[in-house]
C-alpha cells in the first residue's frame, strides 16, 4: 500500500479527514464491504428488486456514502471515459430499457456481464464505476441464486495484469464482442 498523499481533486468531496491513498482505500473497502453485507443479506433478498435507476443510485450511495459527499449522485463533469455528463440520465433510461431485453434474451451470466459493461461504458459517477458495476452484476446473479462472477480471479500481485486484461475486454465489448469479457468475468469462479 502506498502512503501517497491525495491530490486536491481527490480531497474535494471527502467526508473524512484522511490524506493518503492508503487511508482512502481502507475506508472505501470498509464502506463497500458494509454495502455488500446489506445488499446480499437474506433479509434484503427476500423481496424481488428491479434493476432501476433508483436501485443503482442507492447501491452506489451505500457503497461510497460514508466516504464521499457525491456518492449516489451522477457526476457533474466530463471524464476521459463515459458519456458527456449532461447525457447520463438519458443514457441510463435507454440502458435500462436495453437491460430488460437482455434479461429476457440471455442466460443470467451474460445478462449480468452486459449490464456491467453498459454501466461502465456510461460511467455515471465521479468514481467507483467499475466496482459499482461489478457489484451490480454479482447482485443480479446472487439474487437469482447463481454464483457470483470471478472477475479474473488472481492475487493482489497480479492486479496490474488483471486490470489491463479487464480493460482490453471492456474495449472489445464496446465494439459488440463480449467473448473476452464473459471469459474474464467467469475466470476465478
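The values are calculated or read from the model by the stated rules, or taken from the named source; none is laboratory data. Just so we're clear, the structure is a prediction, and the values are computed from it rather than from any experiment. Every residue, glycine as well, gets a Cβ built from its backbone with ideal geometry; the counts of neighbours run over all protein chains shown.
One table, with the values for the structure above:
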| quantity | calculated |
| --- | --- |
| Test: residue 182 is out of contact with any helix residue (DSSP H, G or I) (no Cβ under 9 Å at 6 or more places or on another chain) and surrounded by fewer than 20 Cβ atoms within 10 Å (Cβ to Cβ) | no |
| Residue satisfying condition, being within 26 Å of residue 168 (Cβ to Cβ), in a helix (DSSP H, G or I), within 14 Å of the chain's Cα centre (by Cα) and free of Cβ contacts under 8 Å to residues at least 40 places away in the same chain, within set 114, 118 | 118 |
| Unique match (being buried (at least 19 other Cβ atoms within 10 Å of the Cβ) and modelled with pLDDT of 95 or more) among 100, 109 | 109 |
| Count of residues meeting criterion [under 16 Å from residue 109 (Cβ atoms) and either touching a strand residue (DSSP E or B) at 6+ places or on another chain (Cβ under 8 Å) or assigned to a helix (DSSP H, G or I) (or both)] in segment 151-189 | 10 |
| Single unsatisfied condition, residue 52 versus (1) loosely packed, with under 13 Cβ neighbours inside 10 Å; (2) closer than 20 Å to residue 11 by Cβ; (3) under 15 Å from the mean Cα position of the chain (by Cα); (4) touching a residue at least 24 places away in the same chain (Cβ under 8 Å) | (2) |
| Pair list, Cβ under 7 Å, 6 or more apart: segment 138-160 residue at pLDDT below 90, other residue part of a loop (DSSP other than H, G, I, E, B) | 152/187; 152/188; 153/187; 153/188; 154/188 |
| Any hit, segment 4-12, residues being under 30 Å from residue 147 (Cβ atoms), in contact (Cβ under 8 Å) with a residue 12 or more places away in the chain, more than 18 Å from the chain's Cα centre (by Cα) and loosely packed, with under 13 Cβ neighbours inside 10 Å | no |
| Residues of segment 86-111 classified as in contact with a helix residue (DSSP H, G or I) (Cβ under 9 Å, 6 or more places away or on another chain) and in a helix (DSSP H, G or I), total | 18 |
